[in-house]
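Data first, discussion second: the structure below is written as structure tokens.
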Amino acid sequence: MKNVRIWFKKDFECRYISHLDLNRCMLRALHKSKIPVWHTEGFNPHPFATFPLPLSLGFRGVNECMDVKLEDDNYSFEEIISKLNVCLPRGIHIFDVTEPVMKAGKIAFAEFSIKLSSENTNTTVITEKLSEFLALDKIEIEKRSKKGLKTVDIKQGIKNFEIKEKFDFVLLNVILTAGSSDNVNPNLLVSAFENYSALTVDSDITRNDLYNSEMELFR
Amino acid sequence: MVSKEVEKLLLKVQKPGRYVGGELNEVIKDKNSVDVRFAFCFPDTYEVGMSHLGMKILYSQFNKEDYIWCERVFAPWVDMEEEMIKNNIPLYALESGDPVSDFDFIGFTLQYELSFTNMLNMLKLSNVPIKSSDRKELKQIVVAGGPCACNPEPIADFVDIFFIGEGEEVDLEVINLFRECRKEGKSKAEFLELCSHIEGVYVPSLYDVSYNDDGTIKSFQPKGDAPAVIHKRLIKDMDNCFYPDNFVIPLVEIVHDRAVQEIFRGCIRGCRFCQAGFIYRPVREKSPETINAQCKALCENTGYDEVSLSSLSSSDYSQIVPLLEKLNEWSKDEKVSISLPSLRVDGFTDDIMNKIKTVRKSGLTFAPEAGSQRMRDVINKNVREEELLATCATAFEGGWTTVKLYFMIGLPTETIEDVEAIAKLGQAVVDTYYKCPNKPKGKSVRVTVSASSFVPKPFTPFQWEPQDTIPVLHEKQVHIKESITTKKIQFNYHDADTSYLEAVFARGDRKLCKVMELACERGFHFDGWNDCFSLEKWLELFDECGIDPAFYANRRRSFDEILPWDHIDYGVTKDYLIKECKKAYENTTTPHCRLKCNNCGAAKYREGVCFEKRKNLV
């Protein structure tokens, strides 16, 4: 039995499916591909797959991963890639298979590219407002939790950022705290910005990479 | 394929995955290299429509032809509809993202009457004129099929062509004719005229209806040389009939997210309330070899790990046990589970139970349909209480602890005692559990009793019957509720308001078209969904149009009245239906097709069960 990490992109139409739908999609592809992955042993056996860090609906992901257990230790990684890809919709594309180096729990940061645009505001104004906004000491938002609404400061969760004004959008590259315990969803950041700036913006969000607490690339 | 404009809306709506296409196995063609573009519309949400087998069959079959590109269209849910209207985005097909108005054919499958408004609303969202008389060119031909096409009259003004019966052959004949007509530069009128001579095609605009003073039909006349009677089409050889070996695999979860394998069409039983039991006659089976091969291919190609055997009554498949044995040979190794819905109370044998249990233990649902034996005889259910209780005992001994029972209220000749018997039967099932020596240890039993309201349907022996009024149905619902004394029984009932509207549409005539038109204008949609349905608003519409819905729902017709659907022939004769109706009044049952031929008329197709050798004759 060997653990493997399968790397994929989630884009196009598949950007609009939830994590649960992605999970279903992957399980079906694993089942169809007949790759010797370990199955659960319950009443309804199904391939066992885990996702180190789920991606929100609407985001593109260029370096996403899923962990499975291979029953055949010598099974070729190339074969996994080619066999799985024919069983997947065009919005999900496998590009690499590796042996996992870090455990899923090590994920501490995620890097996002956020394209911001607005129909009635030019990019210079957005850039200015965004710089002001990100320079605030505190960015407080209301977060819904099991105990009701609570106010959290997401400024603490912004590790690094960079703003670039482009022709018809503003690109915000940002590294946010991520992981199972502390996670800042970039959607929260965007809506906090809308509140602050009183602008209505369209956002196109891509998750680029995951990192551990030492800012080493998650592998 | 979604346009930039649509993408902007997607993150503002619930479950955007249903509006984007891009699924595995969707068919993409070059629109410039096909002759005919067909928009296959399901007048409900993506999750419901994608679960429908008929659409999967026709989608694959149409796309197998190089000259046709068939694409899928579903009704956007209310949030998306609102955004589309606000942003001026017309309804589009999922594969190409092109507006529905670009298509040659706009086809609807009509599975339930309450989806009529969705059909009109989808045309409206496409900016296609809803009335056929307003679509003058040879394009945007609106066609419709499915069980509700058996009484097409309430929507006769909107649909150019109805397909009567099974679509696999007739649809392609019509599409092909269209292609030729266009090549020859024919007009829409010429095309429709030619179409009307294809068997199984009904072109409502080629007929005139006149009415008596009391609102009943005086005459129904073809204009020109359109056929006076439209005969349904049916597939004769199920083993050689087209069946897809692959499905479009949805990206988001749908209602029935599994492979579906059809095992036969029709039903031998002839329950008197059941439209499907009459319009799909005669029973035609696929051979176990065909089913096995198709099932295997489907599971391999789709990657589904569950396959459901589909028919009106699975346990009536003549070779069910050999079939399950064949399927079990490979299904376990492939980690595929087989599910067998639509089991009859008397069909759940030890043998079947053990074969489906090897894979997945789903809930058990039975439909005794009525509480008292007399009532079950009236509807020709041919199930005895002892059989139900014995079946439940088998299930309990096999480890099941929950059973769902489906009933109907408002059936013809029903008395309050018959209604009370529903509660009693539920109790008897609970008692059976506790009498069972091998029942699961330490577990309690849960019996769900569901009561829906009877809707009289065309082409059934009850097509002349009045529906109970809403207050009477409410009374009966309350009576059952009060007659249940144990908490082990959970009682659900179906909203009588929707059943009432269903009854109006099911047996409506062309006078309802103006109500439909107004409903569309006022933005009615999703009547099958509690979120949107309002009987009050419908009653206002009827009132405005000067139409009394009770005329359709609650009126007893006489046997000699001309019914709105009398010009359509589904094989079963009207005389047979009258005979069956009279037998119902006498509490007399009719044996099923395999026991005895009752001369319903379907033997004229010279196929299926009508020509099987009966065991008692051999």
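Farther than 30 Å from A:ASN3 by Cβ, within 14 Å of another protein chain (Cβ to nearest Cβ), without any contact (Cβ under 8 Å) to a residue 40 or more places away in the chain and not in a loop (DSSP other than H, G, I, E, B) - does that describe any residue in segment A:161-182? No, segment A:161-182 has no match at all. Of the candidates B:VAL419, B:VAL403, the single residue that is part of a helix (DSSP H, G or I), crowded, with 24+ Cβ neighbours inside 10 Å and in contact (Cβ under 8 Å) with a residue 24 or more places away in the chain is B:VAL419. With respect to the conditions (1) surrounded by 22 or more Cβ atoms within 10 Å (Cβ to Cβ); (2) away from chain A (no Cβ under 14 Å); (3) not in a loop (DSSP other than H, G, I, E, B), B:ARG269 lacks only one, and its number is (3). Checking each residue in segment B:26-36 for being over 25 Å from the mean Cα position of the chain (by Cα) and either among the aromatic types (Phe, Trp, Tyr) or assigned to a loop (DSSP other than H, G, I, E, B) (or both) picks out B:VAL27, B:ILE28, B:LYS29, B:ASP30, B:VAL34, B:ASP35. Would you confirm, using the coordinates I've provided, whether B:GLU580 is in contact with an Asp or Glu (Cβ under 9 Å, 6 or more places away or on another chain), buried (at least 19 other Cβ atoms within 10 Å of the Cβ) and of a type in the set (Asp, Glu)? Against the criterion (in contact with an Asp or Glu (Cβ under 9 Å, 6 or more places away or on another chain), buried (at least 19 other Cβ atoms within 10 Å of the Cβ) and of a type in the set (Asp, Glu)), B:GLU580 does not qualify. Tally up the residues in segment B:471-494 that are of a type outside the set (S, T, N, Q) and touching a residue at least 40 places away in the same chain (Cβ under 8 Å), please. Qualifying residue count for the region: 11. Can you spot a residue in segment B:3-12 that is crowded, with 20+ Cβ neighbours inside 10 Å and under 16 Å from A:ILE17 (Cα atoms)? Looking through segment B:3-12, at least one residue is crowded, with 20+ Cβ neighbours inside 10 Å and under 16 Å from A:ILE17 (Cα atoms). The set of residues from segment B:472-496 being of a type outside the set (Ser, Thr, Tyr) and part of a helix (DSSP H, G or I) comprises B:VAL472, B:LEU473, B:HIS474, B:GLU475, B:LYS476, B:GLN477, B:VAL478, B:HIS479, B:ILE480, B:LYS481, B:GLU482, B:ALA496. When B:ARG72, B:ARG18 are screened for being outside any helix (DSSP H, G or I), in contact (Cβ under 8 Å) with a residue 24 or more places away in the chain, buried (at least 20 other Cβ atoms within 10 Å of the Cβ) and within 14 Å of chain A (Cβ to nearest Cβ), only B:ARG72 passes. Within segment B:304-320, take every residue that is among the aliphatic types (A, V, I, L, M) and in a strand (DSSP E or B) and give me the one that is farthest from the other protein chains (Cβ to nearest Cβ). Going through the qualifying residues, I end up with B:LEU309. In segment B:43-66 there is no residue matching the filter, namely being modelled with pLDDT of 95 or more and assigned to a strand (DSSP E or B).
The set of residues in segment B:224-260 that are part of a loop (DSSP other than H, G, I, E, B) and basic (Lys, Arg) comprises B:LYS232, B:LYS236, B:ARG258. Scanning segment A:17-48 for residues that are more than 10 Å from chain B (Cβ to nearest Cβ), closer than 26 Å to A:TYR211 by Cα and touching a Lys or Arg at 6+ places or on another chain (Cβ under 9 Å) yields one hit, A:PHE48. Among the conditions (1) under 11 Å from A:LYS115 (Cα atoms); (2) away from chain B (no Cβ under 13 Å), the only one that A:VAL190 does not satisfy is (2). For segment B:443-460, taking the residues that are of a type in the set (D, E, K, R) and at pLDDT below 95, the one that is nearest to the chain's Cα centre (by Cα) is identified as B:ARG446. Annotation note: of B:SER210, B:SER205, the sole residue that is at pLDDT 95 or above, small (Gly, Ala, Ser) and surrounded by fewer than 16 Cβ atoms within 10 Å (Cβ to Cβ) is B:SER210.
If you check B:GLU465, B:GLU482 for being more than 21 Å from B:CYS274 (Cα to Cα), over 20 Å from the mean Cα position of the chain (by Cα) and not assigned by TED's automatic domain parsing to the domain that holds B:LYS124, only one passes: B:GLU482.
Yes/no per residue for (1) in contact (Cβ under 8 Å) with a residue 60 or more places away in the chain; (2) under 17 Å from B:GLY571 (Cα atoms); (3) charged (D, E, K, R):
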{"position": "B:CYS195", "(1), (2), (3)": "no, no, no"}
{"position": "B:GLU199", "(1), (2), (3)": "no, yes, yes"}
{"position": "B:TYR207", "(1), (2), (3)": "yes, no, no"}
{"position": "B:ASP214", "(1), (2), (3)": "no, no, yes"}
{"position": "B:GLN221", "(1), (2), (3)": "no, no, no"}
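Here B:LEU323 fulfils each of the conditions (1) within 14 Å of another protein chain (Cβ to nearest Cβ); (2) part of a helix (DSSP H, G or I); (3) touching a residue at least 40 places away in the same chain (Cβ under 8 Å); (4) among the hydrophobic types (A, V, I, L, M, F, W, C) apart from (1). Determine, yes or no, whether A:GLU13 is surrounded by fewer than 16 Cβ atoms within 10 Å (Cβ to Cβ), at negative phi and either touching a strand residue (DSSP E or B) at 6+ places or on another chain (Cβ under 7 Å) or assigned by TED's automatic domain parsing to the domain that holds A:TYR75 (or both). Considered against the rule, which asks whether it is surrounded by fewer than 16 Cβ atoms within 10 Å (Cβ to Cβ), at negative phi and either touching a strand residue (DSSP E or B) at 6+ places or on another chain (Cβ under 7 Å) or assigned by TED's automatic domain parsing to the domain that holds A:TYR75 (or both), A:GLU13 comes out as no.
Close Cβ contacts (under 8 Å, 6 or more residues apart or on different chains) running from residues in segment B:373-390 that are under 17 Å from B:GLU465 (Cβ atoms) to residues that are among the aromatic types (Phe, Trp, Tyr) and buried (at least 18 other Cβ atoms within 10 Å of the Cβ) comprise B:ILE379/B:PHE273. Starting from residues that are polar (S, T, N, Q) and surrounded by 16 or more Cβ atoms within 10 Å (Cβ to Cβ), keep the ones in segment A:122-147 and report whichever is nearest to A:ASP209 (Cα to Cα). Out of the qualifying residues, it is A:THR127.
Of the candidates B:PHE220, B:PHE264, the single residue that is farther than 28 Å from A:LEU84 by Cβ, touching an Asp or Glu at 6+ places or on another chain (Cβ under 6 Å), surrounded by 19 or more Cβ atoms within 10 Å (Cβ to Cβ) and at pLDDT 95 or above is B:PHE264.
The values are calculated or read from the model by the stated rules, or taken from the named source; none is laboratory data. Note that the structure is a prediction, hence the values are computed from the model and not measured. Glycine gets a Cβ as well: all are built from the backbone with ideal geometry, and neighbour counts include every protein chain shown.
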